[in-house]
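Here it is, the structure, as structure tokens.
The values are calculated or read from the model by the stated rules, or taken from the named source; none is laboratory data. The model shown is predicted, which means the values in this text are computed figures rather than measured ones. Virtual Cβ from ideal backbone geometry, glycine too; neighbours counted across all protein chains shown. Note: areas computed on protein heavy atoms with side chains; ligands, DNA, RNA excluded. Shrake-Rupley method; radii C 1.70, N 1.55, O 1.52, S 1.80 Å.
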Amino acid sequence: MEPRIPPRHVACIMDGNGRWAQHRGLGRTHGHMAARAALEAVVDGALEERVEWLTLFAFSTENWSRPEEEVSFLVNFLAQHVIERGAQGMRERGVRLRLLGGEDPRIPAEVTGRLRKAEELTRDNSTLQLSLAFNYGGRQDLCETARSLAAQSVPAAEVTPETFVQHMQLPELPDVDLLLRTGGEHRLSNFLLWHCAYAELVFLDTLWPDFRTTHFRHALELYHQRQRRFGSLAPADAVDAAAHAAVAGHALPSGLSTLPGPSALRGLPAAIASRLGASLWGGVKETALFALEQLAAESGRPGCPDRPA
Ligand code: IPE
Ligand code: IPE
Ligand code: MG
């Protein structure tokens, strides 16, 4: 079987802790505690599958509206029980931790300190870049970026997708290839609005505390079945379109009864196929126009007027 290119950036909305606990007659915080195994599983899965970037949604800017007791548990739990205990393990396994999200006076200094320490401890790692979205909101992220552009008086004409990214909190954070959400809800909940522009969305009914590496592999399997087009055409369709354009209104030259079929391209993994399609498209179009000219010259008709100089 051909090797498949893993998604470069997987982002995960870890949802369903509260319901998991409620189904068992427990308080919601038990669901958050039970999510430890799922956190380990998602990191294991990303390492196994050679994913380069993994972003986990741990606490949203909207989660402050939950009851005080739950908020306090969530904010403290993450730093004390997960990151601090796991930081050494992350360091040994090549995981680099980075925080993504705004500062907030409601986050105890001790929590921020522990998270920053874990960042520091893992800063030389490069096998897996783990960004933890903590007190994160996609709209707030965009507003913060706009503020940075304004503060540095960047001229309007220079605001492009490329320069915009340079002003984001984590400019190196790539576009999300696969957005995975557990817990059965089909929404973004203000997560990575910029980076998910062309993400493949996978929603699983599994509640987050039940999530294991098998679920991660299943999500990747679904991702690999997708055909990513980025607004263009699938490679095989691009070849078809060019072939039709080239021969429209002309008989095929003698000795060539059929054009080579594009079907061989259909078996390519989606990531390779879409990249190949994008890079081939320009050449295919140029070749089709050239063929039109040649065929027109042979039959004594005028060439294609649109051919670029
Ligand atoms: C996700 O689980 C954890 C966080 C939002 C921090 P929830 O707590 O949202 O669980 P449900 O969706 O209520 O089941
Ligand atoms: C999204 O889950 C936030 C996190 C997983 C941290 P929510 O449970 O807060 O999302 P909504 O409220 O159902 O949209
Ligand atoms: Mg939820």
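Within the bounds of region 75-88, is there any residue that is of a type outside the set (Val, Ile, Thr), surrounded by fewer than 20 Cβ atoms within 10 Å (Cβ to Cβ), touching a residue at least 12 places away in the same chain (Cβ under 8 Å) and part of a loop (DSSP other than H, G, I, E, B)?
no
Say whether the condition of being touching a Leu at 6+ places or on another chain (Cβ under 9 Å), within 27 Å of Leu193 (Cα to Cα) and at pLDDT below 95 is met by at least one residue in region 58-78. It would help to see each step written out before you state the result.
Start the filter on region 58-78 by keeping residues that are touching a Leu at 6+ places or on another chain (Cβ under 9 Å), which leaves 58-59, 63, 66, 78.
Subsequent filtering for residues that are within 27 Å of Leu193 (Cα to Cα) retains 58-59, 63, 66, 78.
Still in the list and also at pLDDT below 95: 78.
The answer is yes, given that some residue of region 58-78 is touching a Leu at 6+ places or on another chain (Cβ under 9 Å), within 27 Å of Leu193 (Cα to Cα) and at pLDDT below 95.
Could you give every pair whose Cβ atoms fall below 7 Å, whose first residue belongs to region 224-243 and is surrounded by fewer than 16 Cβ atoms within 10 Å (Cβ to Cβ), and whose second residue is in a helix (DSSP H, G or I) and hydroxyl-bearing (Ser, Thr, Tyr), counting only separations of at least 6 or pairs across chains?
Phe230/Ser274
Within region 212-227, is even one residue assigned by TED's automatic domain parsing to the domain that holds Leu142, away from ligand 2 (no atom under 13 Å from the Cβ), more than 22 Å from Arg4 (Cβ to Cβ) and at pLDDT 95 or above?
No: zero hits.
State whether the residues of region 172-186 include one that is within 16 Å of ligand 2 (Cβ to nearest atom), open to solvent by 50 Å² or more (accessible area, probe 1.4 Å) and acidic (Asp, Glu).
yes
Right, another one. Mind listing whichever residues of region 192-222 are buried (at least 17 other Cβ atoms within 10 Å of the Cβ), more than 15 Å from ligand 1 (Cβ to nearest atom), of a type outside the set (Ser, Thr, Tyr) and not in a loop (DSSP other than H, G, I, E, B)?
Listed by number, the residues that qualify are Glu200, Val202, His215, Phe216, Ala219, Leu220.
Got a sec? Which of Val111, Val71, Val42 is touching a Phe, Trp or Tyr at 6+ places or on another chain (Cβ under 7 Å) and without any contact (Cβ under 8 Å) to a residue 40 or more places away in the chain?
When all the criteria are applied, what remains is Val71.
If you don't mind, another one. Restrict the check to region 148-161 and report whether at least one residue is surrounded by 18 or more Cβ atoms within 10 Å (Cβ to Cβ) and in a loop (DSSP other than H, G, I, E, B).
No, region 148-161 contains no residue that is surrounded by 18 or more Cβ atoms within 10 Å (Cβ to Cβ) and in a loop (DSSP other than H, G, I, E, B).
Filter region 27-46 for residues that are surrounded by fewer than 17 Cβ atoms within 10 Å (Cβ to Cβ) and away from ligand 3 (no atom under 16 Å from the Cβ) and give the result.
Selection gives Arg36, Ala37, Glu40, Asp44.
How about region 122-145: which of its residues are over 20 Å from the mean Cα position of the chain (by Cα) and loosely packed, with under 14 Cβ neighbours inside 10 Å?
Our first condition is that a residue be over 20 Å from the mean Cα position of the chain (by Cα); within region 122-145, this holds for 122-125, 143-144.
Hits for region 122-145 are Arg123, Asp124, Cys143.
Okay, moving on. Sort through Glu69, Glu49 and tell me the only one that's away from ligand 2 (no atom under 15 Å from the Cβ) and surrounded by fewer than 16 Cβ atoms within 10 Å (Cβ to Cβ).
Details: Glu49 fails: surrounded by fewer than 16 Cβ atoms within 10 Å (Cβ to Cβ).
Exactly one of Glu69, Glu49 is away from ligand 2 (no atom under 15 Å from the Cβ) and surrounded by fewer than 16 Cβ atoms within 10 Å (Cβ to Cβ), namely Glu69.
Which of (1) crowded, with 17+ Cβ neighbours inside 10 Å; (2) touching a residue at least 24 places away in the same chain (Cβ under 8 Å); (3) in contact with a helix residue (DSSP H, G or I) (Cβ under 8 Å, 6 or more places away or on another chain) is the odd one out, the single condition Phe57 does not satisfy?
That leaves (3) as the condition not met.
Hey, another quick one. When region 100-121 is examined, which residues are found to be under 16 Å from Glu62 (Cβ atoms) and open to solvent by 10 Å² or more (accessible area, probe 1.4 Å)?
Result: Gly101, Gly102, Asp104, Arg106, Ile107.
Tell me whether region 170-191 contains one or more residues that are modelled with pLDDT of 95 or more, in a helix (DSSP H, G or I) and in contact with a Pro (Cβ under 7 Å, 6 or more places away or on another chain). Give the derivation first.
Step one: of region 170-191, the residues modelled with pLDDT of 95 or more are 170-191.
Filter once more, so that each one left must be in a helix (DSSP H, G or I): none.
Within region 170-191, none of the residues are modelled with pLDDT of 95 or more, in a helix (DSSP H, G or I) and in contact with a Pro (Cβ under 7 Å, 6 or more places away or on another chain).
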